[in-house]
Number of protein chains: 2
Amino acid sequence: MEITVMKFGGTSVANSDRMTAAAQKIAKEARRGRGVVAVVSAQGKLTDELIAKAKELNTEPTLREMDALLSAGEQISSSLLAMAVAAQGVPSVAMSGWQAGFVTTGSFGSARIKKLETERVTAALAEGKTVIVAGFQGICDGDITTLGRGGSDTSAVALAAALGADICRIYTDVDGVYTADPRVVKTAKKLDGITYDEMFEMASLGAGVMHNRSIKLAKKYNVPLEVRSSFSDLEGTIIKERYPLEEKMIRGTACDEKTAKISLVGVSNIPGIASKLFSTLKDNNIHTDMIIQSLGADNSWNITFTIPVDNAERALYIAHSLRNEVGATRIDCDKDIAKVSLIGTGLMENPEIPAKMFAALTSAGVNIQMISSSEIRLSVVVAEADAKKALSAVHEAFFGV
Amino acid sequence: MEITVMKFGGTSVANSDRMTAAAQKIAKEARRGRGVVAVVSAQGKLTDELIAKAKELNTEPTLREMDALLSAGEQISSSLLAMAVAAQGVPSVAMSGWQAGFVTTGSFGSARIKKLETERVTAALAEGKTVIVAGFQGICDGDITTLGRGGSDTSAVALAAALGADICRIYTDVDGVYTADPRVVKTAKKLDGITYDEMFEMASLGAGVMHNRSIKLAKKYNVPLEVRSSFSDLEGTIIKERYPLEEKMIRGTACDEKTAKISLVGVSNIPGIASKLFSTLKDNNIHTDMIIQSLGADNSWNITFTIPVDNAERALYIAHSLRNEVGATRIDCDKDIAKVSLIGTGLMENPEIPAKMFAALTSAGVNIQMISSSEIRLSVVVAEADAKKALSAVHEAFFGV
């Protein structure tokens with residue numbers, strides 16, 4: 001049996017009308033004679049509401065109970081969506097994460113999938129039923145766990161991999177992956193296709209369509225993805241291992257305003273200092289992205305790095321705690337920055353590309369604070385106030401107006 | 001370890017303040033050195049809201065998915081209440097029905113408990129934790145089931161029985177069992193105690209404090225119950241096997257307006273007709289309470305019986321379908337009736353009691369349509385418009401003003 005996995009996010013099932021629209025898409029796919037497994041998130045803002053209720057009762061709720069609480073959101077969605085699919089005349093069965101066989105690690109709130117026991121799902125498909133699975137959740141030693149950020153996408157990709165699905169469709173509120181965020185850059189163009197690596201960078205660098213965790217998993221198991229709109233029948237953007245670039249080397253742009261930078265000024269030139277600092281940050285699960293070390297006045301060094309803005313306070317605390325050891329004369333933190341990136345496979349093979357990007361930023365009067373590059377991305381840090389102007393300038397230079 | 005089981009209904013956990021109040025009661029009991037297991041219902045109107053959502057999507061949702069949906073309500077409550085108890089400084093763990101070991105039959109929506117595997121609950125109690133269990137639910141062959149009406153009370157009583165608890169406290173929005181509904185009869189008095197049998201009749205005859213199913217279970221396993229208020233620390237009403245009646249033979253009164261009567265007029269005098277009618281009703285799960293067969297004109301018979309008003313249409317349909325067979329000349333249905341009852345162990349041993357009850361009703365100008373009695377109850381059917389007047393008159397005659 002050829003299998004389609006379809007994933008519907010919270011906005012795609014936020015109310016009865018949308019739930020019915022999703023059910024119609026599922027029923028249509030099932031009527032084509034395919035096995036259909038749909039993975040669904042909690043409705044609209046339900047997860048946020050449950051978190052708020054929990055915080056009212058206990059400012060530090062136990063993670064185990066938090067997971068039991070939040071998993072109810074997807075259990076509600078999956079039950080309702082199964083009913084909605086049945087109302088379309090297509091047999092359907094709802095399954096919670098543990099019923100669908102998601103066995104995870106025991107790290108509540110950010111569990112990882114250890115294995116997927118697909119017997120129940122496979123048996124239901126064999127009986128001609130569509131299977132509606134509660135995303136974001138699993139089980140460990142009889143306790144319900146949740147997968148954390150990007151969890152429902154990850155559930156869908158894992159199921160597609162385990163079932164050998166031809167395609168894993170991610171239904172969302174945009175109709176594909178664009179060359180830039182279309183809410184910011186009006187001239188942004190929808191992409192027909194993009195590679196896993198490019199999509200991973202896009203996601204990591206601020207394009208919010210999918211979480212990079214699920215893209216990594218799709219790449220690992222070579223699961224073809226399609227990002228599609230819940231609100232139309234338009235074809236979306238296909239994400240796979242290789243995708244011909246045609247004339248262009250650049251696939252898209254991204255802008256991440258949820259970033260901050262920390263600078264340690266006047267650091268003594270002692271070997272091992274950077275290693276000490278970054279290993280401590282890593283031990284605290286703080287992901288540093290760009291790192292620049294530059295020689296300052298009087299032979300001391302400046303170290304500057306970017307981190308997610310949510311981690312800025314913690315990173316700053318760590319930097320201060322190491323201040324004497326690293327001998328910094330000053331520690332600065334700037335949360336009002338943004339990272340603007342250009343993404344494309346083999347991008348750095350062509351030296352004209354960075355030159356063109358910097359020229360576009362200069363013409364737009366945007367000051368570049370930091371630069372970082374890899375085989376597949378070129379990122380600059382700019383003032384947050386310049387972010388939209390910078391993104392538009394870079395997008396226009398490479399994709400036209 | 002001495003164990004207290006505490007059950008909190010939907011109104012007792014409807015919002016954060018009430019949830020915290022319930023948690024304080026649980027924490028207080030735990031600090032007395034007792035093992036505490038709390039059973040909790042879904043918050044306020046959540047179950048009704050989930051049913052409404054389901055009906056919007058599918059007018060005939062599958063029972064399996066309905067149970068998966070509704071069970072999320074208690075899962076949310078139990079998680080939140082465990083957090084609220086932990087916030088009181090008392091270690092606590094939330095368990096769903098299947099985690100707490102409720103193995104049920106597979107009749108979704110009205111499952112019965114087959115066995116209770118209490119290992120997890122016992123282990124948690126041994127670790128010094130209070131256990132907060134999602135009521136109303138269990139598991140059958142890997143599918144979530146719900147216990148139907150009175151389900152959370154039944155969960156609590158079953159746990160108390162299986163754990164050998166000293167007491168099972170039912171926290172609700174009234175502070176005990178009264179001689180009449182205090183919202184209707186202002187002079188109603190709270191009872192210190194009542195027997196299982198009396199309470200069973202009270203519940204069956206319209207006193208809404210507890211569901212008769214859970215009282216039956218409590219009697220079977222001799223679990224002492226206490227009905228208490230969630231909103232005060234007052235002692236409630238104890239329900240147990242025997243309770244001294246002191247001077248009084250009458251324990252209380254009840255009024256059930258959710259009843260209807262159906263009359264088959266002019267039935268041919270054929271043996272087996274009543275049997276045919278009532279076995280068909282029973283096969284359709286329609287519970288008949290009072291039955292009167294009387295000789296009418298020209299040697300034909302009238303058969304009149306009462307049923308829950310929710311079943312009236314179905315019962316009427318069945319009566320009509322048997323009309324030719326039973327040879328009835330007319331079938332009437334009256335939904336505007338009420339059943340007013342007097343409850344007390346050994347009540348019918350004293351012939352003065354029925355006489356006193358009928359006199360009180362006559363003085364109040366209430367016409368009696370039907371009479372039925374047993375060892376422990378005496379019920380009359382009156383017009384629904386007379387229900388409150390009748391209840392007050394009977395209550396005043398036996399309990400004073």
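Read-outs: derived from the displayed coordinates by stated rules, not from any lab. Everything numeric here is computed off the predicted structure, so don't read it as measured data. Using ideal geometry, Cβ is built from the backbone for each residue, glycine included, and neighbour counts are taken over all protein chains shown.
Each copy carries a label point for B:Arg323 at 7 Å from Cα along the beta-carbon vector; from one copy to the others these points are 9.3 nm apart, nearest first. In this simple spin-label model, placing a label point 7 Å from the Cα along the Cα-to-Cβ direction at both A:Lys45 and B:Glu2 gives a separation of 4.8 nm. A viscosity of 1.306 mPa s and a temperature of 10 °C, combined with the Kirkwood radius over Cα pairs in Stokes-Einstein, give a translational diffusion coefficient for region B:248-401 of 97 µm²/s. Ranked by how many other Cβ atoms sit within 10 Å of their own Cβ, fewest first, the residues B:Thr47, B:Thr253 fall in the order B:Thr47, B:Thr253. What separates the Cα centres of region B:88-103 and region B:336-390 is a distance of 45 Å. Spin-label model, A:Arg314/B:Ser268: points 7 Å from Cα along the beta carbon direction are separated by 8.5 nm.
Divide by every residue of chain A the summed helix terms, -39500 (n - 2.57) for each DSSP H run of at least 4, and state the resulting mean residue ellipticity at 222 nm, rounded to the nearest 500 deg cm²/dmol.
Theoretical 222 nm ellipticity from helices: -11000 deg cm²/dmol.
Go ahead and run the numbers for FRET between A:Lys276 and A:Thr362, Cβ-Cβ distance against an R0 of 22 Å, rounding to 0.05. The calculated FRET efficiency here is 0.05.
How shielded is A:92-98 by partner chains, expressed as the average number of their Cβ atoms within 10 Å of its Cβ atoms?
4
DSSP loop GluC sites (Glu not before Pro) in region A:14-104 with at most 11 other Cβ atoms within 10 Å of their Cβ, which ones?
For GluC sites (Glu not before Pro) across region A:14-104 that sit outside H, G, I, E and B with at most 11 neighbouring Cβ atoms in 10 Å, the list is empty.
Expressed to the nearest 5 percent, the antiparallel share of DSSP beta bridges inside the protein assembly as shown is 60 percent.
When each of A:Lys189, A:Lys53, A:Lys261 is scored by the number of other beta-carbon atoms lying within 10 Å, the sequence from fewest to most is A:Lys189, A:Lys53, A:Lys261.
Between A:Thr329 and A:Ser373, the FRET efficiency estimated from the beta carbon spacing at R0 = 22 angstrom works out to 0.15. Pairs over the 26 Å Cα-Cα cut-off, from the set A:Lys129/B:Lys45; B:Lys45/B:Lys258; A:Lys55/B:Lys25: A:Lys129/B:Lys45.
Cross-link partners for A:Lys261 among the aspartates and glutamates, with Cα-Cα distance under 14 Å and sequence neighbours closer than 8 places in the same chain left out: A:Asp289, A:Asp310, A:Glu313, A:Asp332, A:Asp334, A:Asp336, A:Glu384. For region A:120-134, 3J(HN,Hα) computed residue by residue from phi via the Karplus equation (6.51, -1.76, 1.60; θ = phi - 60°) reads 5, 5, 4, 5, 5, 4, 5, 7, x, 9, 7, 10, 10, 9, 5 Hz, glycine and proline entered as x.
Taken about its Cα centre, region A:113-179 carries a charge dipole of roughly 80 debye when the Cβ of each Lys and Arg holds +1 and the Cβ of each Asp and Glu holds -1. Gyration tensor analysis over the Cα atoms of the protein assembly as shown returns equivalent ellipsoid semi-axes of 66, 32, 20 Å (largest first, whole Å). Positive-end ranking of A:Ala390, A:Leu378, A:Ser341 along the dipole of region A:337-401, with charges on Cβ about the Cα centre, is headed by A:Ala390.
In Å, the Kirkwood hydrodynamic radius of region A:39-182 over pairs of distinct alpha carbons?
Numbers: mean 1/r = 0.0630 Å⁻¹.
Evaluated on region A:39-182, it is 15.9 Å.
Helix A:273-283 axis versus longest C-alpha principal axis of chain A: approximately 20°, rounded to the nearest ten.
Comparing A:Asp386, A:Asp298, A:Asp233 in a Gaussian network model of chain A where C-alpha atoms under 10 Å apart are linked, the largest mean-square fluctuation is found at A:Asp298.
Highest mean packing first, where packing is the average number of other Cβ atoms within 10 Å per residue, the peptides A:168-177, B:33-42 line up as B:33-42, A:168-177.
Set the Förster distance to 45 Å, then compute FRET efficiency between A:Asp166 and A:Glu257 from the Cβ-Cβ distance, nearest 0.05.
0.75
Comment: the Cα-to-Cβ extended label point of B:Gly89, at 7 Å, lies 6.5 nm from its counterparts in the other copies, nearest first.
Take each residue of peptide A:8-16, count the partner chain Cβ atoms within 10 Å of its Cβ, and average: the result is 1. Remark on chain B: ratio of C-alpha radius of gyration to 2.2 N^0.38 Å is 1.07. If you line up the long axis of helix A:352-363 against the longest principal axis of chain A, both from Cα atoms, how many degrees apart are they, to the nearest 10? So the inclination is approximately 70 degrees. Taking amide H atoms as placed 1.01 Å from N in the peptide plane, the amide H of B:Ala180 lies under 5 Å from those of B:Lys189, B:Thr253, each 5 or more residues away in sequence or on another chain. Rounded to the nearest 10 degrees, the angle from helix A:16-31 to the longest Cα principal axis of chain A is 70 degrees.
What shape does region B:138-211 take by its C-alpha gyration tensor, where a ≥ b ≥ c are the square roots of the eigenvalues and a/c under 1.5 counts as rounded, a/b above b/c as prolate, and the rest as oblate?
prolate
Take each residue of peptide B:62-68, count the partner chain Cβ atoms within 10 Å of its Cβ, and average: the result is 6. Label region A:45-90 by shape, choosing from rounded, prolate and oblate, from the square roots a ≥ b ≥ c of the eigenvalues of the Cα gyration tensor; if a/c is under 1.5 it is rounded, and otherwise prolate applies when a/b is larger than b/c, oblate when it is not. Verdict is prolate for region A:45-90.
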